[in-house]
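The numbers here are math on the coordinates, done by the rules we state, and not lab data. Quantities reported herein were computed from a predicted structural model and do not represent experimental measurements. Please note: Cβ atoms are built from the backbone with ideal geometry, for glycine as well, and neighbour counts cover all protein chains shown.
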Amino acid sequence: MTRFDPSGPLRGRLRPPSDKSISHRAALIAAMGEGETAIEGYLDAADTRSTLAAVEAVGARVEGAEPGRIGTGLRIGGVGLRGAGPATVDVGNAGTLLRLLPGWLAGQVGEEWTLDGDDSIRRRPVDRIASPLREMGAELECREDRLPPLRIAGAPLRGIAYELPVASAQVKSCLLFAGLLAEGETTVVEPAPSRDHTERMLAAAGAELRREGDAVTIRPAKRLEPGRLSVAADLSSAAFFVVAALLVPGSEVELTGVGVNPTRTGLLTILERMGAEVEVVDRVERGGEPVATLRVRPTALRGVEVGGAEIPLAIDELPLVALAACFAEGTTTIRDAAELRRKESDRVETVSAALNALGGRVEPTADGMAIEGTGGLRGGAVESHGDHRIAMLGAVAGLASREGVEVRGMEAAAVSYPGFASDLGSLLDRA
């Protein structure tokens, strides 16, 4: 159990860890590529190491992955689009890996793979990728026809036009990977925009893609040549410091090198509507992705309605929206976010339970939460349920609370942010 007591202001500059979503994709696309790909800024965390182990298992060469060096010296020798060898792959706790990797493997005729993971992964459904992949001709088996382990027998694929029932960058990316090996074009139609890192990175590696309105189409490819990839700092990780600086009086924090891809900045838009003033300065583009510095100071917040097209742009940060809403004036309603129930934990229930245990007034709903702002939180204890975002949410809540918070299972933060407690402490030490 780790305790986080009410703090003085957070002050200073910090580069958050690299983006987990981009890191997963960088390793997979490098493994699909011809020759060696250098990856700058790859995230060193449990989930992203699972992806490196996965690409090694299917035959890619991984160099420079020693602890402390992975962010600067990582190199991956690819096996080519059709060169993955048979393997049993342990995805650990990495849901992104579980849903993206099958798209690449499914079209490699004559080989077989099994994907499995920890207890949490075994509760995470794969039917939303299995169904469209089967339409493309893939041969897949999974437990109860929806849960891991997932068995894949490579088969000839055909391109399809598929309308996503729910906006999901993971499902979209899986189908785009499959489309690289399919006969004919593959089109994915989104009900709302989702993060577009895969499209950007595939296009940079030589794939033929086009976007027309809410549809993205990919043509089959003979080869990919990524060459060099760069990973920006993760807005989802930066978000914990953004909200901490908004809630703790006297704070003044700068977060540098943060990816501000417009398909990822939903949190900033929501916080702006709540009254927050987060400055976005020093914008540049690196590796096809926009990055910037975020400047954050405390601001009085008000309740808002959150839903519709902005949900996919902020899905991982919605727990922090709920936390901020506890400190706001008025009621905040989060709707259209049933996807929260499919994360590492059922985040509708775990976030509601955590905040209510700290003195909040949160009512879970079928597809979100209603949060009555009370101006703050008392404090208490939070159970992470093995979910990294709940663990870090509890830490931020402790700093801003009146009595402090004990987090049970803080070690879960290592899934995406092993150095979280240290980085948080560095901002407090500078106060």
Next item on the list: Just add up the charged neighbours of residue 110: K/R +1, D/E -1, any other residue whose Cβ is under 13 Å from the Cβ of residue 110.
Entry: -2
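Give, as a single signed number, the net charge of other residues whose beta carbon lies under 12 Å from the beta carbon of residue 365, with Lys and Arg counted +1 and Asp and Glu -1.
Details: positive: 335, 341; negative: 336, 349, 363, 367.
Result for the neighbourhood of residue 365: -2.
List the relative contact order of segment 99-203 as a percent without decimals, with contacts defined as Cα pairs under 8 Å and 6+ residues apart.
Working: 201 pairs, mean separation 33.3, N = 105.
Rounded, it is 32 percent for segment 99-203.
In debye, nearest 20: dipole of segment 1-147 around its Cα centre with unit charges on the Cβ of K, R (+) and D, E (-)? Walk me through the intermediate numbers first.
Values: 19 positive and 22 negative charges, 146 e Å.
That gives a dipole near 700 debye.
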Checklist line | Cα-centred dipole magnitude for the chain, charges only on beta-carbon of K, R (+1) and D, E (-1), debye, nearest 20 | finding: 380
Item checked: Total charge dipole magnitude, segment 280-431, about the Cα centre, Cβ charges on Lys, Arg, Asp, Glu only, Debye to nearest 20 -> 380
Checklist line | Ranked 75, 295, criterion: other C-beta atoms within 10 Å, fewest first | finding: 75, 295
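Defining a contact as two alpha carbons under 8 Å apart and six or more residues distant in sequence, what relative contact order in percent does the chain show?
Values: 1104 pairs, mean separation 77.3, N = 431.
Result for the chain is 18 percent.
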Item checked: Acute angle (nearest 10 degrees) that the helix 20-32 long axis makes with the longest principal axis of the chain, alpha-carbon atoms -> 10
Notebook entry, point to check: Taking a ≥ b ≥ c as the square roots of the eigenvalues of the Cα gyration tensor of the chain, is the shape rounded (a/c under 1.5), prolate (a/b larger than b/c) or oblate?
Noted result: prolate
Checklist line | Hits among lysines - C-alpha to C-alpha of residue 343 under 23 Å, sequence gap 8 or more where chains match | finding: 20, 172
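Using 0.36 nm per residue of separation minus the Cα-Cα distance, give me the extension gain between residue 109 and residue 286 in nm, one decimal.
On the way: separation 177, 0.36 × 177 = 63.72 nm, distance 3.60 nm.
Roughly 60.1 nm would be gained on extension.
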Next item on the list: Positive end of the charge dipole of the chain (Lys, Arg +1 and Asp, Glu -1 on Cβ, about the Cα centre): tell me which of 35, 85, 265 has its Cα farthest that way.
Entry: 35
Margin query: If you fit an axis through the alpha-carbon atoms of helix 169-179 and take the longest principal axis of the Cα set of the chain, what angle between them do you get, 0 to 90°, nearest 10?
Written below: 10
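Can you give the extra length, in nm with one decimal, that the chain gains between residue 300 and residue 341 once fully stretched, where that is 0.36 nm per residue apart less the Cα-Cα distance? Please list the in-between numbers first.
On the way: separation 41, 0.36 × 41 = 14.76 nm, distance 2.97 nm.
Full extension from residue 300 to residue 341 adds 11.8 nm.
Report the full-extension gain for the segment residue 143 to residue 211: residue separation times 0.36 nm, less the Cα-Cα distance, to one decimal in nm. Spell out each step's value before the answer.
On the way: separation 68, 0.36 × 68 = 24.48 nm, distance 3.50 nm.
Extra length from residue 143 to residue 211 when fully extended: 21.0 nm.
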